[in-house]
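Each remark here refers to the structure printed beneath this line.
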Amino acid sequence: MPPATPPSPVSGPVRLAINGYGRIGRCFLRALHESTARNDFRLVAINEPADLASIAYLTRFDSTHGRFPDSVAAGEDHLLIGGEMVAVTHATTPEAVDWTGMEIDLVVECSGQYSDRAALTRFLDAGCPRLLLSHPGNSAADVDATVVYGINQQILTGRERLVSNASCTTNAVVPVLALLHRELGLEQVLLTTLHSVMNDQPLIDGYHHTDLRRTRSAMQSIIPVSTGLARGVERLLPALAGRVQAKAIRVPTHNVSAIDLVLTVGRDVTAARINQLLQEAAAGPYAGLVAYSDEPHASIDFNHDPHSAIVDGGQTHVNGSRLVNLMVWFDNEWGFANRMLDVARHWLRS
């Protein structure tokens, strides 16, 4: 539950800090600089254990998303990004950063190292007024709210201190499932995520993980891994509790993933009708969040696409009249980073 004493309201630009400057942390900064909402925020600090020269270099150049759209230079203990000073600290614990002294309004937690309420509260105790997670909490009770923008951001009141942006896969699939459940009634859901490689996998076989499949070379195999997607979907869409199963497979591509959906629906339907529903939603209530395409795309075509999901209309099939198969593409880095920005803006203006 939100705390009895909410954080102070924010007037003027939101003073941001990024904790953990890996793939999502750096994409969040890029999304901020490419967004029309840029003037609503001011990035004040980055906390990342890596050395400053590496931080500056990986901000300037990115193998997936290209060169940074603004100037980046390193100072003694800061970056100059677009001429604005951003303090850089190298702490390995929340308590080692002076969040209060930097007058931070919101910390975007992108390290992925903190998921239960006791660990997350360490940020609050250290002076951070609000924390937005780039991953789900271990349970619904570990955060004040879990938000998929476009679905339930209206639950935010401004009193919350710990908010999760769910996961990239949850953001991709929940809008599609919510629409089809409302229109057709979903009876059973089976989701298979085909996800690009991640940094918990080695380039060559090595001792990287307790999951033995993840000790194998990421770029040489298709690798099944565990996933909490079913739990994440049911957390956002409780009407589907007990009806969702999910599995995940890592594939040797650097970015852009897909979800293969197999659904049984409660009413007779055709592929044309499903595509019509999704096209109308993409042009209407889901505009900017979900896109629809009939083009014969490959995954690379969606690199740097800011949508949460892109429905591939050419891959929609119906077996009989109630067994439905869909494919949804998503840039698992860029789309998710943009949704974090959307949630941050909505939350602090609630």
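The values are calculated or read from the model by the stated rules, or taken from the named source; none is laboratory data. Here the structure is a predicted model, which is why all the values come from computation and not from measurement. When we count neighbours, we look across all protein chains shown, and the Cβ atoms used for this are built from the backbone with ideal geometry, even at glycine.
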Looking only at residues in segment 160-205 that are part of a loop (DSSP other than H, G, I, E, B) and charged (D, E, K, R), which one is nearest to Asn303 (Cα to Cα)? Asp200
Mind checking which pairs have a first residue in segment 178-189 that is in the same structural domain as Ala230 (by TED's automatic domain parsing) and a second that is surrounded by fewer than 20 Cβ atoms within 10 Å (Cβ to Cβ) and assigned to a strand (DSSP E or B), Cβ under 6 Å, 6 or more apart or different chains? Glu187/Thr264; Gln188/Thr264
Would it be correct to say that Phe68 is within 20 Å of Gly12 (Cα to Cα) and not charged (D, E, K, R)? no
I need the full set of residues from segment 279-294 which are touching a residue at least 12 places away in the same chain (Cβ under 8 Å) and either of a type in the set (Asp, Glu) or buried (at least 16 other Cβ atoms within 10 Å of the Cβ) (or both), in order please. Gln279, Ala281, Ala282, Tyr286, Leu289, Val290, Ala291, Tyr292, Ser293, Asp294
Would you check if there is a residue in segment 273-286 being among the acidic types (Asp, Glu) and touching a Phe, Trp or Tyr at 6+ places or on another chain (Cβ under 8 Å)? no
Residue pairs, Cβ under 9 Å, 6 or more apart or interchain, first in segment 317-346 and free of Cβ contacts under 8 Å to residues at least 40 places away in the same chain, second of a type in the set (S, T, N, Q). List them. Asn319/Asn325
Given the conditions (1) of a type in the set (Lys, Arg); (2) in contact with a His (Cβ under 8 Å, 6 or more places away or on another chain); (3) free of Cβ contacts under 8 Å to residues at least 24 places away in the same chain, report the number of the one that Arg250 does not fulfil. (3)
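I need the full set of residues from segment 130-144 which are without any contact (Cβ under 8 Å) to a residue 60 or more places away in the chain, of a type in the set (A, V, I, L, M, F, W, C) and in contact with a helix residue (DSSP H, G or I) (Cβ under 6 Å, 6 or more places away or on another chain), in order please.
Scanning segment 130-144 gives a single hit, Leu131.
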Checking Pro238 against (1) over 22 Å from Ala141 (Cα atoms); (2) surrounded by fewer than 19 Cβ atoms within 10 Å (Cβ to Cβ); (3) not hydrophobic (A, V, I, L, M, F, W, C), which single condition isn't satisfied? (1)
Can you confirm whether segment 65-85 contains a residue that is touching a residue at least 60 places away in the same chain (Cβ under 8 Å) and over 28 Å from Asp200 (Cα atoms)? no
Looking only at segment 219-275, which residues are β-branched (Val, Ile, Thr), under 24 Å from Cys27 (Cβ atoms) and in contact with a helix residue (DSSP H, G or I) (Cβ under 8 Å, 6 or more places away or on another chain)? Ile223, Val225, Thr227, Val233, Thr253, Val256, Ile259
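Each row is one residue, and each column tells you yes or no for (1) surrounded by fewer than 21 Cβ atoms within 10 Å (Cβ to Cβ); (2) in contact with a Gly (Cβ under 9 Å, 6 or more places away or on another chain); (3) of a type outside the set (A, V, I, L, M); (4) modelled with pLDDT under 95.
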site	(1), (2), (3), (4)
Pro7	yes, yes, yes, yes
Pro13	yes, no, yes, yes
Ala17	no, no, no, no
Leu32	no, no, no, no
Thr36	yes, no, yes, yes
Arg42	yes, yes, yes, no
Glu48	no, yes, yes, no
Ser54	yes, no, yes, no
Thr64	yes, no, yes, no
Options Glu95, Glu103: the member that is assigned to a helix (DSSP H, G or I) and among the acidic types (Asp, Glu): Glu95
Report yes if some residue within segment 78-92 is out of contact with any Pro (no Cβ under 6 Å at 6 or more places or on another chain), assigned to a helix (DSSP H, G or I) and closer than 23 Å to Arg122 by Cα; otherwise report no. no
Being assigned by TED's automatic domain parsing to the domain that holds Glu76, farther than 18 Å from Arg23 by Cα and over 20 Å from the mean Cα position of the chain (by Cα) narrows it down to one residue among Val97, Val88; which is it? Val97
